[in-house]
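Please treat every number below as a calculation from the coordinates, not as lab data. Because the structure is a prediction, the values reported are computed rather than measured. Ideal geometry is used to build each Cβ from the backbone, glycine not excepted, and the neighbour counts take in all protein chains shown.
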Ligand code: HEM
């Protein structure tokens with residue numbers, strides 16, 4: 001198991017410079033903090049002392065949201081992907097999708113699980129968001145998202161040939177496709193049959209909410225598809241590998257926290273100081289960017305013994321206070337991930353069906369790199385077969 005690759009050099013950096021230090025990201029000074037108490041404090045001051053910030057590449061693709069539009073996005077997501085939606089309609093649909101997907105995979109010679117799970121996650125989310133109105137489009141939206149993710153983590157130089165340039169081109173194309181979907185729906189007007197999906201919900205709210213203009217709606221649909229695809233597919237691809245290498249764990253279905261802890265799909269998330277913040281005799285100046293380094297929290301040996309080891313059993317003994325301050329794959333506080341429950345349910349259902357009904361063997365690939373998010377350069381190609389007993 002490539003412990004070192006998974007761990008991201010945040011462990012090394014943390015040990016060398018301590019839990020809070022200054023560095024540069026893409027030419028910008030950034031304070032990195034893997035200090036549980038300070039992070040907890042900051043996230044409880046969200047909106048007062050700090051506010052959301054995105055890397056330049058992300059900001060260009062996901063426009064910086066205003067306070068009211070962010071709140072709207074959160075409540076809309078919770079409405080369509082939250083606990084009530086899961087109980088009411090999503091869970092049975094997720095089960096059907098997982099059974100169908102795995103059965104299809106088992107009929108093939110080999111499957112590259114990362115890209116196939118992107119397809120699964122995008123197709124499913126697109127159905128919830130706009131009833132799959134793009135199903136017959138000439139370009140497959142899941143293919144486009146795969147290329148887009150590569151560019152998002154690149155250096156933000158917009159010149160032909162760079163990954164960033166390609167990313168912006170795909171972003172433009174996907175947005176055009178979504179604008180088409182939206183315009184068609186709007187043109188249907190009152191004649192349209194209710195799809196009961198997220199887009200219908202937005203179109204209804206558009207009558208009263210002024211910020212719901214065409215650009216914002218397109219951006220929102222795009223953003224939601226993006227978050228539903230990459231995070232879930234990366235977690236699942238990692239789970240395939242970790243479970244295959246630790247067969248004893250197959251008995252243990254509470255593995256999801258451990259995969260999320262070790263996975264640290266993104267090394268952290270960002271905030272911007274709204275005013276000067278004193279910490280340990282220093283001052284973080286107003287306007288500076290702060291990275292809440294979740295990878296540094298999740299791999300802290302004071303809280304997680306032998307932190308690079310895949311050990312799902314550790315969760316039986318971990319104190320709730322450690323979970324509250326040192327384990328935040330979905331963030332924490334008022335901006336905690338609105339898709340957390342959905343992701344957990346989807347991941348749990350998938351892994352349950354996988355380990356109880358199928359076996360899998362690596363055919364090729366399996367290399368993991370961090371650049372800085374987890375990538376699988378040669379893919380993870382597995383032969384999936386149905387269990388006979
Ligand atoms: C393994 C899967 C996922 C992981 C690890 C993840 C992680 C995160 C994290 C760390 C944040 C907080 C960022 C911050 O505080 O700045 C966040 C926010 C968010 N996530 Fe996720 N996410 C996942 C899946 C999803 C899915 C499937 C959806 C949609 C259905 C979603 C929707 C959102 C939204 C709307 C926010 C913004 C919440 C707000 O600002 O109030 N996420 N996510």
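With all projection directions averaged, the alpha carbon convex hull of the range 3-386 covers 19.9 nm².
Of 33, 210, 52, the residue with the greatest mean-square motion in the GNM of the chain, using alpha carbon springs below 10 Å, is 210. Which residue, 188, 176, 112, has the most motion in a Gaussian network model of the chain that connects Cα atoms within less than 10 Å? Maximum among the listed residues: 188. Size check on the range 183-247: the Cα extents along the three principal axes, sorted descending, read 55, 25, 17 Å.
Express as a percent, rounded to the nearest 5, the fraction of DSSP beta bridges in the chain (both residues included) that run antiparallel. Please list the in-between numbers first.
Working: 27 of 32 bridges.
Beta bridges within the chain, antiparallel portion: roughly 85 percent.
Return the tail of the calculated pair distribution for the range 221-277, meaning the percent of Cα-Cα pairs more than 19 Å apart.
Numbers: 733 of 1596 pairs.
It works out to 46 percent of all Cα pairs.
Each Cα pair under 8 Å and six or more residues apart adds its sequence gap; the mean of these over the residue count of the range 239-316 is a relative contact order of 31 percent. Take each peptide in 263-270, 160-167, 274-281, count the other Cβ atoms within 10 Å of every residue, and average; sorted highest first, the result is 263-270, 160-167, 274-281.
In terms of packing, defined here as the mean over residues of other Cβ atoms within 10 angstrom, the peptides 312-321, 325-334, 380-389, 124-133 line up highest first as 124-133, 325-334, 380-389, 312-321.
Counting only C-alpha contacts under 8 Å and six or more residues apart, can you give the relative contact order of the chain as a whole percent? With pairs under 8 Å counted, the relative contact order is 29 percent.
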